[in-house]
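Enquirer: I'd like to ask some things about the structure below.
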Amino acid sequence: MSPPRQVIVIVEDEAAIAETIVYALQTEGFVPLWLETGAAALATIRQQPVALVVLDVGLPDMNGFDVCREIQRLRPVPVIFLTARSGEVDRIVGLELGADDYLAKPFSPRELTARVRAVLRRTNGSSGAASGLTPGDWVHDAGRCQIRYRAKLLELTRNEYRLLGALLASPGRVFTRDQLMAAAWDDPGAAIDRTVDAHIKTLRAKLREAVPEADPILTHRGLGYSLRET
């Protein structure tokens with residue numbers, strides 16, 4: 001039996017651009033789902049597994065940066081920003097919020113699909129995002145908000161789950177404390193660096209409890225944290 005095709009959500013209010021993206025992704029074997037508003041995208045991500053989101057910054061109901069922030073709070077879904085804004089400040093803001101890539105209009109549909117594939121390989125593997133499986137020692141069931149490490153189910157709080165999910169979405173990527181706060185806390189401004197450090201400490205303790213020899217979370221002094229690549 002062939003693996004299920006990956007669902008790619010496209011959040012874009014310009015029909016001509018969206019139709020081009022839909023056609024390009026269908027040609028590459030993905031299942032594109034076109035939505036015109038940020039609210040519709042968030043509702044969809046709450047209800048079903050999604051492999052990746054192609055997200056326009058300029059939406060009719062919400063700012064795309066705000067939508068990205070809400071997506072990362074719901075679950076660690078890879079995001080590629082698609083926007084007419086190409087300034088360095090906008091790129092930095094988007095990536096700091098947890099986006100995985102940034103493509104400015106006008107763009108080549110072939111380049112977009114190549115970037116989609118590259119992000120999926122880098123984050124969850126060629127089939128991991130759709131199935132909930134992550135290569136190596138991890139199994140992330142986003143629908144049930146459960147993470148297993150070497151077949152052991154981890155008993156996590158909401159913030160611990162979100163924090164680990166963010167790290168798990170991009171093994172090897174170094175996340176700053178601010179990025180992790182944005183991904184895990186409903187109000188990142190209410191958390192401080194020490195809050196992230198404390199949660200990382202409890203996560204490490206729970207991982208060691210499940211697998212005594214385990215030490216998959218790496219500290220990068222002065223930078224932040226990453227998940228060891230398996």
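The values are calculated or read from the model by the stated rules, or taken from the named source; none is laboratory data. Since the structure is predicted, the reported quantities are computational estimates derived from the model, not experimental observations. Cβ: placed from backbone, ideal geometry, glycine included. Neighbour counts: every protein chain shown. Note: areas computed on protein heavy atoms with side chains; ligands, DNA, RNA excluded. Shrake-Rupley method; radii C 1.70, N 1.55, O 1.52, S 1.80 Å.
Enquirer: Across the stretch 117-139, what is the number of residues that are at pLDDT 50 or above and either open to solvent by 30 Å² or more (accessible area, probe 1.4 Å) or not polar (S, T, N, Q) (or both)? Walk me through it before giving the result.
Expert: Residues of the stretch 117-139 that are at pLDDT 50 or above, as a first pass: 117-124, 136-139.
Imposing the further condition that a residue be either open to solvent by 30 Å² or more (accessible area, probe 1.4 Å) or not polar (S, T, N, Q) (or both) reduces the set to 117-122, 136-139.
So the count comes out to 10.
Enquirer: To continue, here is another question. Does A51 satisfy being touching a Leu at 6+ places or on another chain (Cβ under 7 Å), surrounded by 15 or more Cβ atoms within 10 Å (Cβ to Cβ), over 17 Å from K105 (Cα atoms) and modelled with pLDDT under 90?
Expert: Values: touching a Leu at 6+ places or on another chain (Cβ under 7 Å): yes; surrounded by 15 or more Cβ atoms within 10 Å (Cβ to Cβ): yes; over 17 Å from K105 (Cα atoms): yes; modelled with pLDDT under 90: yes.
Yes; evaluated as a whole, the condition is true for this residue.
Enquirer: Another question about this same structure. Among (1) open to solvent by 20 Å² or more (accessible area, probe 1.4 Å); (2) out of contact with any Phe, Trp or Tyr (no Cβ under 9 Å at 6 or more places or on another chain); (3) in a loop (DSSP other than H, G, I, E, B), there is one condition R5 misses while meeting the rest; what is its number?
Expert: Among (1) open to solvent by 20 Å² or more (accessible area, probe 1.4 Å); (2) out of contact with any Phe, Trp or Tyr (no Cβ under 9 Å at 6 or more places or on another chain); (3) in a loop (DSSP other than H, G, I, E, B), R5 violates only (2).
Enquirer: Go over the candidates R208, R221, R194 one by one and state the one that is over 16 Å from R148 (Cβ atoms), at pLDDT 85 or above and open to solvent by 50 Å² or more (accessible area, probe 1.4 Å).
Expert: On inspection, the qualifying residue turns out to be R221.
Enquirer: Also, quick follow-up: Keeping to the stretch 140-184, report how many residues are of a type in the set (K, R) and surrounded by fewer than 15 Cβ atoms within 10 Å (Cβ to Cβ). So that I can check it myself, show each step before the final result.
Expert: At the first step, the residues of the stretch 140-184 found to be of a type in the set (K, R) are 144, 148, 150, 152, 158, 162, 173, 177.
Retained after the next criterion (residues that are surrounded by fewer than 15 Cβ atoms within 10 Å (Cβ to Cβ)): 144, 150, 158.
The number of residues fulfilling the criteria is 3.
Enquirer: Going by the structure shown, is T37 open to solvent by 50 Å² or more (accessible area, probe 1.4 Å) and of a type outside the set (A, V, I, L, M, F, W, C)? Talk me through it step by step, then tell me what you get.
Expert: Working: open to solvent by 50 Å² or more (accessible area, probe 1.4 Å): no; of a type outside the set (A, V, I, L, M, F, W, C): yes.
Criteria not met by T37.
Enquirer: Further question: Return yes when I21 is assigned to a helix (DSSP H, G or I), under 17 Å from A118 (Cα atoms) and modelled with pLDDT of 85 or more and no when it is not. Let's see the steps before the verdict.
Expert: Numbers: assigned to a helix (DSSP H, G or I): yes; under 17 Å from A118 (Cα atoms): yes; modelled with pLDDT of 85 or more: yes.
Answer is yes for this residue.
Enquirer: Only one of (1) open to solvent by 10 Å² or more (accessible area, probe 1.4 Å); (2) in contact (Cβ under 8 Å) with a residue 60 or more places away in the chain; (3) not basic (K, R) fails for Q26. Which number is that?
Expert: Of the numbered conditions (1) open to solvent by 10 Å² or more (accessible area, probe 1.4 Å); (2) in contact (Cβ under 8 Å) with a residue 60 or more places away in the chain; (3) not basic (K, R), the odd one out for Q26 is (2).
Enquirer: Hey, can you tell me all the residues within the stretch 51-66 that are in a loop (DSSP other than H, G, I, E, B) and either on the phi > 0 side of the Ramachandran plot or of a type in the set (V, I, T) (or both)?
Expert: We begin by selecting, within the stretch 51-66, every residue in a loop (DSSP other than H, G, I, E, B); these are 51, 57, 59-62.
V57, the sole residue that qualifies.
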